[in-house]
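Working notes, structure below.
Here, each number is a calculation from the coordinates, and none is a lab measurement. Here the structure is a predicted model, which is why all the values come from computation and not from measurement. Note that we place each Cβ from the backbone using ideal geometry, even for glycine, and neighbour counts take in every protein chain shown.
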Amino acid sequence: MEHVLGNEPHPPHCLFEPPGDQPHSRELLLLYRDSGRLCLLNRFPYANGHLLVAPARHVACITELEAAELQEVNDLVQKAIEILKEELNPDGFNVGLNLGQVAGAGIDDHIHYHIVPRWQDDHNFMTVLAEVRTIPEHIEKTYDRLLPRFQHLYRSNHK
Ligand SMILES: [Zn+2]
């Protein structure tokens with residue numbers, strides 16, 4: 001409910017610039033980070049496996065990204081979808097950007113893609129929302145399931 005009511009606590013740092021420089025952190029739900037981009041498991045998911053992919057640089061709009069940065073982010077979006085397909089076997093995805101608060105961005109000063117897996121028998125939005133509030137351990141299970149894939153991705157990108 002906290003999320004719904006907009007009272008979720010704000011971390012001292014930008015969510016998309018987590019402290020330290022480790023590529024993975026269970027505590028931060030950080031699945032992947034390198035110099036150009038990162039992928040987090042959303043702590044307030046709309047569905048199981050809801051991922052957030054952002055560029056490393058703190059910019060508010062996609063128009064502020066250099067071509068190479070955009071390419072790095074898109075590459076991670078593609079890899080993340082590939083991993084979700086293999087691990088969670090969804091029937092489809094919603095993938096997109098919310099630019100500006102009026103468009104629904106909870107954090108509107110650092111752009112991030114939402115990747116939301118969808119299943120044929122999806123509950124409606126509010127049911128899903130109510131359900132996921134009660135299962136934080138579910139998020140960690142999903143993290144543990146996806147992590148080895150992202151570790152493998154990190155290794156293959158940093159040989
Ligand atoms: Zn930021």
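Using 0.36 nm per residue of separation minus the Cα-Cα distance, give me the extension gain between Ser35 and Gln120 in nm, one decimal.
27.0 nm
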Quick note on Val53, Val59, Val116, Val73, ordering by fewest other C-beta atoms within 10 Å, gives Val59, Val116, Val73, Val53
Taking a ≥ b ≥ c as the square roots of the Cα gyration tensor eigenvalues, with a/c under 1.5 meaning rounded and otherwise prolate when a/b beats b/c or oblate if not, segment 2-124 comes out rounded
Once Asn89 and Phe44 are pulled to full extension, the length gained, defined as 0.36 nm per residue separation minus their Cα-Cα distance, is 14.1 nm
